[in-house]
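Scroll down for the structure; my scribbles are underneath it.
Just so it is clear, none of the values below were taken in a lab; they were calculated from the coordinates. What you are looking at is a predicted structure, and each value in this text was computed from that prediction instead of being measured. Note that we place each Cβ from the backbone using ideal geometry, even for glycine, and neighbour counts take in every protein chain shown.
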Amino acid sequence: MEYTNREYPAFAACGLNCGLCPRYYTAGSSRCPGCAGQGFSDVHPPCGVLSCCQRKELEYCFECEEFPCKRYDSVDQTDSFITHKNQLRDLKKAKQIGIEVYQAELNAKISLLNGMLQNYDDGRRKSFYYLTVNMLDLQDTAAVVDQIASTTQPGQPVTEKAKIAADLFEKMATQRDISLKLRK
């Protein structure tokens, strides 16, 4: 099915934060442009949720009078490249605070993620960073990134910086009772 391109593909119609998914940043043929982004149909299988939204001329499921429908009954039970744990919660949050405010928060998280990948990726923790930024709220993520910056030194090996970053994120996740593991 061909989909109409969405204005903001970094936040999916179904509530996934595509802008925090590794496939959104992958170079090459497996790169996903986000939900109904340019070329989405070329790299993504048909999506029942997106098809439903576009049939009803909605950008997000939360705009539907049936939200949350049966499609969300067990949505948070498994993960793929991106966690589904907060999918329903994030849709409800976007509905409550407004899509523009939610997009601003997601853009801030994307910016933090890009900084983490640039400064603290030792080649082994990339997936961990994607998951972490997706699971923790913006304030906690920003606080940990600030703590990492103040704890690490210029010229320090990236492997040491990555270890510090992982330890600090794990500590914050433990405080919030959040598991930083994908469920396959």
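Determine, for Glu2, Glu63, the number of other Cβ atoms within 10 Å of each Cβ, and report the residues in order from fewest to most.
Taking fewest neighbouring Cβ atoms as first place, the list is Glu2, Glu63.
Can you give the helix-only mean residue ellipticity at 222 nm for the chain, where every DSSP H stretch with n ≥ 4 adds -39500 (n - 2.57) and the sum goes over all residues, rounded to the nearest 500 deg cm²/dmol?
The per-residue figure over the chain is -15000 deg cm²/dmol.
HN-Hα J couplings of region 14-31 from phi, Karplus 6.51/-1.76/1.60, θ = phi - 60°, integer Hz, Gly and Pro as x?
8, x, 6, 8, 4, x, 10, 10, x, 5, 5, 10, 5, 8, x, 5, 8, 5
Keeping to pairs on different chains or 8 or more places apart, tell me how many lysine pairs in region 76-179 have Cα atoms under 19 Å apart.
14
Mind sorting out which of (i) 1.14; (ii) 1.45; (iii) 0.98 is the real Rg/Rh (Cα atoms, Kirkwood Rh) computed from the coordinates?
Read-out from the structure maps to (iii).
Please get the size of the charge dipole for the chain, origin at its Cα centre, with Cβ charges of +1 on Lys and Arg and -1 on Asp and Glu, quoted in debye to the nearest 20.
In total the dipole reaches around 500 debye.
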